[in-house]
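Notes for the one structure printed next.
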Amino acid sequence: LVQAGLLDVICGTSTVGREAIPYAGLPLQKVNQEARLLLVEDNSTNRDVAEIALETLGYSVDIVFNGLEAVAQVARAKAQSQPYQLVLMDCQMPIMDGYEATRRIRQWERDQQVEPVLIIAMTANAMAGDREKCLLAGMNDYLSKPVQLEVLQNKLNKWLRPAAEPVPD
């Protein structure tokens, strides 16, 4: 029931009394089922909601709790030839925020001359200029919290297209 309650929050529809995964009201249309995702989120409730949403959409996800861990995890995964295709990066975290973590990841990628990982900001900030701040830090896109399941699915489908398919504007 906790899972159903969390899906109520992200989907806006009651799922109590029926199977919560996959969400019955949303057709699953993943474009890249094998994509490795990293979730960077310090808040346990937000982390649980995002993890359930990603699992509902059929993705598995690794989780770290701050930007410093994210930088290390992205580098470690790449060094082990198991790179992440996409990182969902919270912006406001202790130890190292998502902006600084993204800048460091981008610097590491330049230094190592490796393909950049896709980074999508996940932030409660929805003020004018917040999206631009994320993009200036080196993030590829932006999601405002609370993240809606359909919006998350659309973002993942947009960015996780096979290499032969162009990313739509």
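The values are calculated or read from the model by the stated rules, or taken from the named source; none is laboratory data. No experiment lies behind these values; they were computed from the predicted model shown. All Cβ positions, glycine included, derive from the backbone under ideal geometry; neighbour counts span all protein chains shown. For the accessible areas, the whole protein counts, side chains as well, though only heavy atoms, and no ligand, DNA or RNA atoms are used. Shrake-Rupley method; radii C 1.70, N 1.55, O 1.52, S 1.80 Å.
What the Cβ-Cβ distance of Asn154 and Lys133 gives, at R0 = 25 Å and to the nearest 0.05, is a FRET efficiency of 0.70. Of the accessible area of the range 66-157, computed with a 1.4 Å probe over protein heavy atoms only, carbon and sulfur atoms account for 50 percent.
Accessible surface ranking for Ile119, Ile63, 1.4 angstrom probe, highest first: Ile63, Ile119. In order along the range 90-106, phi translates into HN-Hα couplings of 5, 8, 9, 9, x, 6, 8, 6, x, 5, 5, 4, 5, 4, 5, 4, 4 Hz, rounded to whole numbers, per the Karplus curve 6.51 cos²θ - 1.76 cosθ + 1.60 with θ = phi - 60° and x for Gly and Pro.
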